[in-house]
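Below is one structure, written out as structure tokens, with a few remarks after it.
The values are calculated or read from the model by the stated rules, or taken from the named source; none is laboratory data. Keep in mind it's a predicted model, so treat the numbers as computed, not measured. Heads up, the Cβs are rebuilt from the backbone with ideal geometry, glycines too, and the neighbour counts pull from every protein chain shown. Accessible surface is based on the protein model in full, side chains and every heavy atom, while ligands, DNA and RNA are left aside. Shrake-Rupley method; radii C 1.70, N 1.55, O 1.52, S 1.80 Å.
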Amino acid sequence: MPTQLERRTATVTRLLDATEVVVHERGYADTTVAAICARAGVSQGGLFRHFPHRRALLVATAARVAERQTDHVPDGLSLLDALRHLRGLVRSRPNQVWHELVRAARTDAELRADLAPALRDYHRRTGSAVAALAPTGRPWTATHQAALRLVVNYLDGEAAVAHVLPDPDRDEATLRALADLLRPLFEENP
């Protein structure tokens, strides 16, 4: 028989999973408590026992997505394979949900205030996760961080286009060119 903590954890996990799916399928504006509860198999009262309001659930979902996106960066990847891995993360459903919530925060002051700590943590975690790409014995610098931001911003834009007009050959050629541009920064001897 599961303990109360195990039941609570399972319910919260179902709610977070359901929220991620509903935001991805419907977008922020059409993500309702009713839709989340139906997807999770949890009553609205059950949802509100764990989250005081819809926004708290959305913020918890964003925080979990950010955490999962930065949990594992494989070791020993070439620069090109690291870029491919990063592109896969950027194109993933969780990342699309993340961006949906960040875009919604632009015009929703309460969501923006509540999401800001998760956004700061996401940036910190991203920097830490990819610092492993710096050559051994070489410090992760502000220049590396700036390059990472450029790469992520490029990949975010590419992901938006790829969902509408996929062109894997063009995307691969562009990723190879990006790797060539970054190689001196990441593979040069200190």
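Here are a few things to note about the model shown:
- Every residue from region 102-141 that is open to solvent by 80 Å² or more (accessible area, probe 1.4 Å) and at pLDDT 85 or above: R103, R106, T107, E110, R112, R120
- Any hit, region 19-28, residues being in a helix (DSSP H, G or I) and polar (S, T, N, Q): yes
- In region 84-101, the count of residues that are open to solvent by 50 Å² or more (accessible area, probe 1.4 Å) and over 30 Å from E172 (Cα atoms) is zero.
- Flag if L181 is free of Cβ contacts under 8 Å to residues at least 24 places away in the same chain and open to solvent by 100 Å² or more (accessible area, probe 1.4 Å): yes
Yes/no matrix, rows are residues, columns are (1) closer than 27 Å to R112 by Cβ; (2) at pLDDT below 95:
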{"position": "E20", "(1), (2)": "yes, no"}
{"position": "V23", "(1), (2)": "yes, no"}
{"position": "R26", "(1), (2)": "yes, no"}
{"position": "A34", "(1), (2)": "yes, no"}
{"position": "R49", "(1), (2)": "yes, no"}
{"position": "R55", "(1), (2)": "yes, no"}
{"position": "V65", "(1), (2)": "yes, yes"}
{"position": "V73", "(1), (2)": "no, yes"}
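- In region 101-124, the residues that are closer than 19 Å to R149 by Cα and either of a type in the set (D, E, K, R) or not in a helix (DSSP H, G or I) (or both): R103, R120, D121, R124
- Condition broken by T11, with the remaining ones in (1) among the hydroxyl-bearing types (S, T, Y); (2) within 23 Å of the chain's Cα centre (by Cα); (3) open to solvent by 60 Å² or more (accessible area, probe 1.4 Å) satisfied: (3)
- Qualifying residues in region 41-70 (those that are part of a loop (DSSP other than H, G, I, E, B) and in contact (Cβ under 8 Å) with a residue 24 or more places away in the chain) - the one most open to solvent (accessible area, probe 1.4 Å): G41
- Residue check, H85 under 20 Å from Y154 (Cβ atoms), without any contact (Cβ under 8 Å) to a residue 12 or more places away in the chain and in a helix (DSSP H, G or I): no
- When the criteria are applied in full, L148 fails the requirement of being touching a Lys or Arg at 6+ places or on another chain (Cβ under 7 Å), surrounded by 15 or more Cβ atoms within 10 Å (Cβ to Cβ) and under 20 Å from L80 (Cβ atoms).
- Taken over region 1-18, residues that are closer than 27 Å to A116 by Cβ and of a type in the set (G, A, S) amount to 1.
- Hey, P74 outside any helix (DSSP H, G or I), of a type outside the set (S, T, Y) and open to solvent by 60 Å² or more (accessible area, probe 1.4 Å) or not: no
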